[in-house]
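Below is one structure, written out as C-alpha cells, with a few remarks after it.
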Amino acid sequence: MEVVTTAPAVRRAALADAARIAGIWNHEIRATLATTDTEPRTVASLRAWLAAHSAAYPVVVATLDDEIAGFAALAPYRPKPAFRHTVEDSVYVDRAWRGRGVGRLLLEHLVDSARAAGHRSVLARITVENVASRRLHEALGFRLVGVEEEVAVKLGRWVDVALYQRRV
C-alpha cells in the first residue's frame, strides 16, 4: 500500500479543533520545556480561547494528510494601548509531524497575518533549551533581542527565556 503525503495546508482553527489542539499543547505542557505553561488545557477552555480570537489575533492549524499536525496563534503582547501594534506568537507542532515544514508554514502564516492586521512587530518568547523553535524563528528573520534569566520554573528547574523580534 502506497502512503500518500499531501503538502501541509493552513486554515483558521475551528471550535471542533479544540480537542486536537489540547492534545498537542498538553503534551508540551506536561513533558517539555517548549512552553512555560504548567497547567494542562481542557477542551472547554480551548473552545473559549478559540472563540475569543479575532482576525487580528488568529489561531490557525496546519493539516497534513487530513490530520492537524500543528497550530499557531497570535496574541496581544501587552494590554496597554501603546502596545496595540505588537503581537506575540506561539507555534506548536505535534512531535509525529516535526521536520516536515509544518512549523515554518505556520510561522510564515502568522507573520503574514500580523502584517495584514496592521501590526508592527511580532515577538516570540522561547525557552533557551528549545533550540528548534529558536532556529525556526531565526530562519524567518526574527532576531534575538534579549534573554530573561531564570524567570520561569518548569519541570523542577529554573528556565531562561529568549526574546525574539521581527518587524513586519
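With an 8 Å Cα cut-off and a minimum separation of 6 or more residues, compute the relative contact order for the range 73-168 in percent. It comes to 26 percent, rounded to a whole number. With the simple model of a label 7 Å out from the Cα in the direction of the Cβ, ARG98 to ASP160 spans 2.1 nm. With the simple spin-label model, which puts each label point 7 Å out from Cα in the Cβ direction, the HIS27 to VAL128 separation comes to 2.7 nm. Highest GNM mean-square fluctuation, the chain, Cα pairs closer than 10 Å: which of VAL122, VAL147, VAL59? With Cα springs under 10 Å in the chain, the top fluctuation among VAL122, VAL147, VAL59 is at VAL147.
Only Cα pairs under 8 Å and at least 6 apart count here; give the relative contact order of the range 7-115 as a rounded whole percent. Could you put the intermediate results ahead of the total?
Working: 165 pairs, mean separation 29.4, N = 109.
Relative contact order for the range 7-115 comes out at 27 percent.
Given the alpha-carbon gyration tensor of the range 9-119, what are the semi-axes of its equivalent ellipsoid in whole angstrom, ordered largest first, with each equal to the square root of 5 times an eigenvalue?
On the way: eigenvalues 92, 55, 37 Å².
Ellipsoid semi-axes (Å, largest first): 21, 17, 14.
Most simply put, the chain has about 90% antiparallel DSSP beta bridges, counting only bridges with both residues inside it. In the range 1-137, taking the dipole from charged Cβ atoms about the Cα centre, the farthest positive-side position among ALA73, ALA62, ALA16 is held by ALA73.
Comparing LEU105, PHE83, THR6 along the charge dipole axis of the chain, the residue lying farthest to the positive side is PHE83, per the Cβ-charge model. Computed over neighbours whose Cβ is under 13 Å from that of ARG98, the net charge equals +2, Lys and Arg +1, Asp and Glu -1. Hey, got a sec? Which chymotrypsin sites (Phe, Trp or Tyr not before Pro) in the range 63-138 land in a DSSP loop and have at most 13 other Cβ atoms within 10 Å? Filter output for the range 63-138: empty list. Here the simple spin-label model places points 7 Å from the Cα toward Cβ, and for THR42 and VAL153 these points are separated by 2.6 nm.
Taken together, the values in this text are just the output of simple stated rules run on the coordinates, not laboratory data. In this text the structure is predicted, and so the values were computed from the model without any measurement. Cβ atoms come from the backbone with ideal geometry, glycine included; neighbour counts cover every protein chain shown.
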